[in-house]
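Remarks on the structure that follows.
The values are calculated or read from the model by the stated rules, or taken from the named source; none is laboratory data. Remember, it's a predicted structure, so these values are computed and weren't measured experimentally. We place every Cβ from the backbone using ideal geometry, glycine too, and count neighbours over all the protein chains shown.
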There are 2 protein chains.
Amino acid sequence: MNITIAIDCMGGDHGPVVTVPAALAFLSTHPDAEVILVGREEELAPLVEEAQAGLKSRLHIHNATQVVGMDDPPTSVRSKKDSSMRVALHLVKHGQAQAAVSAGNTGALVMISRFALKTFPGIDRPAICFALPTIRGHTYALDLGGNVDCTPEHLFQFGVMGALLASALDHTERPSVGLLNVGTEEIKGNELTRRTAELLRESNLNYYGYVEGDDIFKGTTDVVVCDGFVGNVALKTSEGLGKMLGTFLREEVKRGPLSMLMGLIAMPVLKRFKHRANPGRYNGAVLLGLSGGVVLKSHGSADAYAFEQAIGRAADAVANNLIRRIQDRMETMIGASGENA
Amino acid sequence: MNITIAIDCMGGDHGPVVTVPAALAFLSTHPDAEVILVGREEELAPLVEEAQAGLKSRLHIHNATQVVGMDDPPTSVRSKKDSSMRVALHLVKHGQAQAAVSAGNTGALVMISRFALKTFPGIDRPAICFALPTIRGHTYALDLGGNVDCTPEHLFQFGVMGALLASALDHTERPSVGLLNVGTEEIKGNELTRRTAELLRESNLNYYGYVEGDDIFKGTTDVVVCDGFVGNVALKTSEGLGKMLGTFLREEVKRGPLSMLMGLIAMPVLKRFKHRANPGRYNGAVLLGLSGGVVLKSHGSADAYAFEQAIGRAADAVANNLIRRIQDRMETMIGASGENA
């Protein structure tokens, strides 16, 4: 199968200097894939000049003159018809690519995707879904920042979509769905969690009940549902903690000549740990709920390695027929639940 | 100064088997302090029988026949007049102790404290405030689970209280206050963050602006304000991540004989790192906003070492005259701001 990925090269904190090398690295490990680099041609062309012929033949530059800024309000985004983000998504819409990857403005990406690629029937908004590493494997957490104000119905729909994703990707027959709360007892939480819990309980999903923050990385459930505000804070707080612990470990190793020697001797172990704990490895969140194509959101501050992972995830999703499998599952899984879907 | 701490010995996941040894360990390192162990006398007495005479003379058992369960609803808590939690707080109320420490039900602790010990004028609710470690030192984060539904006015008051605490404990003249959000741009967030930001901007606090999850452990501001739902999830997610990374590190060390040898050689470094990253070290959150005494909330699952840290924090707060210093600061700091306080 020929996979083509449209890349919003201008998005993110670093733009083409990160996205283009990441695309080249991706091509070199995916001999059947093609990429369309979307952005200002005059900025992109020099960055691919030196690429090997074998890669060059599988990359195309698609000029787009505008850029969605990281803090552009939604109104200005709408008027930027020729932004690299919008053009990349429209390449998917028109079948020229099967997936788009962007490290740009999250709110804009959610909004444009929703209009260009439509959501599945019964799903109001796409949610940002991340496969977070856990002690046992991974947990799909959503929403992680796409929707800061959610109704119980939205959270319920996230539960449905998360279960469909877990089912489609991991072949789990009935993925367990947990609702993130401040305690596991029934009386805990707020109006939103209580009403969402009711909807989940009444559905035919494999609803586990409330889970707490520490259940995410424990892998207590296959799917964890929360609103985008809470999810975004939890994700970024984890990121901050990871960085702090990394700093602590480095500082302890560098505390003196003896510690440095010990660190040097244990370097292979520390390197494997560092690789396993590197958040860049897990970069790339699915915009879940879109029926018209695969959209991957990369962390805005991703480096080339991390952005390459996000492109790889997009390619995997296409190769796995993610959209069709979700659609198929939807019919068997939700068809039975009736009006809840 | 003679410090007396009332300890709710029955609270938490483990009860007296953790709280009593922690109290004894605390007494052994604080020769001027006394503790009142509150709980079922028949359970507590055997646990202190073996204690040294020097410690025994500084500990008192105060019988309390009831226990607030970890998932008791607020209504049933009110009827438990002789619960160890309530009795411990009333010992503070009546001046028999200057501080209380509990690992019990957070909601109940906030509710009973509020009634027994009252809040400062202008403060509606006590907030759970934790000094989180950062790369540079620490950040006071609040609310971390006391109040799941907050108005902008509540969040504003948390900002005031956090600034007063930082000012009183760290002698920072004008502590910087950040408001936790999903982005730092002005358009980001929801109704609650936008309206709280307005109140903070108009106050005479040193308002920094929006901060994101990763700013907490970066130590971007002296104080980070959020509602109790978001704060609790962020804190517990961090806890879960810390545990997962600990597991990863152990697994990498145990991957084979060579790795184990490397780990053994680097053990002093790894031990120092483990000690520094141990969340138990930072256990003990202040119930901030109470005018009638110091109340420390320990993590429910705290072990004896962690619970001892919480008792130590309570003693520090008393020795530092926390309540009086907040009161003094309040007059100079808020007095000038007029109606905002």
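How about segment B:133-149: which of its residues are modelled with pLDDT under 95 and among the hydrophobic types (A, V, I, L, M, F, W, C)?
B:Ile135, B:Leu144, B:Val148
Has segment A:118-128 got at least one residue that is within 18 Å of the chain's Cα centre (by Cα), within 12 Å of chain B (Cβ to nearest Cβ) and not acidic (Asp, Glu)?
yes
Residue check: is B:Leu47 out of contact with any Cys (no Cβ under 7 Å at 6 or more places or on another chain), under 16 Å from B:Ser113 (Cα atoms) and in the same structural domain as B:Met111 (by TED's automatic domain parsing)?
Spelling it out, it is not the case that B:Leu47 is out of contact with any Cys (no Cβ under 7 Å at 6 or more places or on another chain), under 16 Å from B:Ser113 (Cα atoms) and in the same structural domain as B:Met111 (by TED's automatic domain parsing).
Name every residue in segment A:165-185 that is in contact with a Phe, Trp or Tyr (Cβ under 8 Å, 6 or more places away or on another chain) and not in a loop (DSSP other than H, G, I, E, B), in order of residue number.
A:Leu165, A:Ala166, A:Ser176, A:Val177, A:Gly178, A:Leu179, A:Leu180
Of the residues A:Glu308, A:Glu331, which single one is of a type in the set (Asp, Glu), more than 14 Å from chain B (Cβ to nearest Cβ) and in contact with a helix residue (DSSP H, G or I) (Cβ under 9 Å, 6 or more places away or on another chain)?
Of A:Glu308, A:Glu331, the one residue that is of a type in the set (Asp, Glu), more than 14 Å from chain B (Cβ to nearest Cβ) and in contact with a helix residue (DSSP H, G or I) (Cβ under 9 Å, 6 or more places away or on another chain) is A:Glu308.
Looking only at segment B:280-298, filter to residues that are surrounded by 24 or more Cβ atoms within 10 Å (Cβ to Cβ) and in a loop (DSSP other than H, G, I, E, B); which one of those is nearest to the chain's Cα centre (by Cα)?
Across segment B:280-298, the extreme among qualifying residues is B:Gly284.
Condition first: without any contact (Cβ under 8 Å) to a residue 40 or more places away in the chain, part of a strand (DSSP E or B) and closer than 26 Å to A:Arg281 by Cα. Can you find one or more residues in segment A:52-59 that meet it?
yes
If you go through segment B:236-245 one residue at a time, do you hit one that is under 30 Å from B:Pro152 (Cβ atoms), in a loop (DSSP other than H, G, I, E, B) and either among the acidic types (Asp, Glu) or under 20 Å from the mean Cα position of the chain (by Cα) (or both)?
For segment B:236-245, residues under 30 Å from B:Pro152 (Cβ atoms), in a loop (DSSP other than H, G, I, E, B) and either among the acidic types (Asp, Glu) or under 20 Å from the mean Cα position of the chain (by Cα) (or both): absent.
Taking into account only those residues within segment A:167-191 that are closer than 21 Å to B:Leu235 by Cα and at pLDDT 95 or above, which is nearest to the other protein chains (Cβ to nearest Cβ)?
By that ranking, first place goes to A:Leu180.
Kindly indicate whether any position in segment A:62-85 is assigned to a helix (DSSP H, G or I), modelled with pLDDT of 95 or more and either away from chain B (no Cβ under 14 Å) or surrounded by fewer than 24 Cβ atoms within 10 Å (Cβ to Cβ) (or both).
Yes, because at least one residue in segment A:62-85 is assigned to a helix (DSSP H, G or I), modelled with pLDDT of 95 or more and either away from chain B (no Cβ under 14 Å) or surrounded by fewer than 24 Cβ atoms within 10 Å (Cβ to Cβ) (or both).
Name the residues in segment A:233-268 that are more than 30 Å from B:Val225 (Cα to Cα) and acidic (Asp, Glu), would you?
Listed by number, the list holds a single entry, A:Glu252.
Quick check on A:Val224: is it closer than 18 Å to A:Thr172 by Cα and of a type outside the set (S, T, N, Q)?
The answer is yes for A:Val224.
So which residues in segment A:33-78 are under 23 Å from the mean Cα position of the chain (by Cα) and more than 30 Å from B:Gly189 (Cβ to Cβ)?
Across segment A:33-78, the qualifying residues are A:Ala33, A:Glu34, A:Val35, A:Ile36, A:Leu37.
So is A:Ile3 hydrophobic (A, V, I, L, M, F, W, C), surrounded by fewer than 20 Cβ atoms within 10 Å (Cβ to Cβ) and under 23 Å from the mean Cα position of the chain (by Cα) or not?
Against the criterion (hydrophobic (A, V, I, L, M, F, W, C), surrounded by fewer than 20 Cβ atoms within 10 Å (Cβ to Cβ) and under 23 Å from the mean Cα position of the chain (by Cα)), A:Ile3 qualifies.
If I ask for residues that are touching a Phe, Trp or Tyr at 6+ places or on another chain (Cβ under 7 Å) and either crowded, with 24+ Cβ neighbours inside 10 Å or on the phi > 0 side of the Ramachandran plot (or both), which ones from segment B:6-30 would you list?
If the condition is that a residue be touching a Phe, Trp or Tyr at 6+ places or on another chain (Cβ under 7 Å) and either crowded, with 24+ Cβ neighbours inside 10 Å or on the phi > 0 side of the Ramachandran plot (or both), then B:Thr19, B:Ala22 are the ones that fit.
To keep it simple, each residue is scored yes or no on (1) surrounded by 24 or more Cβ atoms within 10 Å (Cβ to Cβ); (2) at pLDDT 95 or above.
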residue	(1), (2)
B:Tyr210	no, yes
B:Thr220	no, yes
B:Val230	yes, yes
B:Leu245	no, no
B:Glu251	no, no
B:Met267	no, no
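When segment B:31-82 is examined, which residues are found to be of a type in the set (D, E, K, R) and within 19 Å of B:Gly15 (Cβ to Cβ)?
Within segment B:31-82, B:Arg40, B:Glu41, B:Glu42, B:Glu43, B:Glu49, B:Glu50, B:Asp71, B:Asp72, B:Lys80, B:Asp82 qualify.
Taking segment A:132-149, which residues are touching a helix residue (DSSP H, G or I) at 6+ places or on another chain (Cβ under 7 Å) and assigned to a loop (DSSP other than H, G, I, E, B)?
Once the filter is applied, which keeps residues that are touching a helix residue (DSSP H, G or I) at 6+ places or on another chain (Cβ under 7 Å) and assigned to a loop (DSSP other than H, G, I, E, B), segment A:132-149 yields A:Thr134, A:Ile135, A:Asp143, A:Leu144, A:Gly145, A:Gly146, A:Asn147, A:Val148.
Do you know which of the residues in segment A:307-335 that are under 20 Å from A:Leu59 (Cβ atoms), surrounded by fewer than 22 Cβ atoms within 10 Å (Cβ to Cβ) and small (Gly, Ala, Ser) is nearest to the chain's Cα centre (by Cα)?
Residue satisfying both the conditions and the ranking: A:Gly312.
Evaluate segment A:5-18: report whether one residue or more is more than 20 Å from A:Arg313 (Cβ to Cβ), within 14 Å of chain B (Cβ to nearest Cβ) and part of a loop (DSSP other than H, G, I, E, B).
The answer is no; no qualifying residue exists.
Pairs please, first residue from segment B:127-146 and under 15 Å from B:Leu165 (Cα atoms), second anywhere and in a strand (DSSP E or B) and among the hydroxyl-bearing types (Ser, Thr, Tyr), Cβ atoms under 6 Å, 6+ apart in sequence or on different chains.
B:Cys129/B:Tyr140; B:Ala131/B:Tyr140; B:Leu132/B:Thr139
Between residues in segment A:252-274 that are more than 7 Å from chain B (Cβ to nearest Cβ) and residues that are loosely packed, with under 15 Cβ neighbours inside 10 Å and assigned to a helix (DSSP H, G or I), which pairs lie under 7 Å by C-beta distance while being six or more apart or on different chains?
Cβ pairs passing all conditions: A:Lys254/A:Met260.
Name every residue in segment A:89-105 that is under 17 Å from A:Cys9 (Cβ atoms), in a helix (DSSP H, G or I) and in contact (Cβ under 8 Å) with a residue 40 or more places away in the chain, in order of residue number.
Within segment A:89-105, A:Leu89, A:Leu91, A:Val92 qualify.
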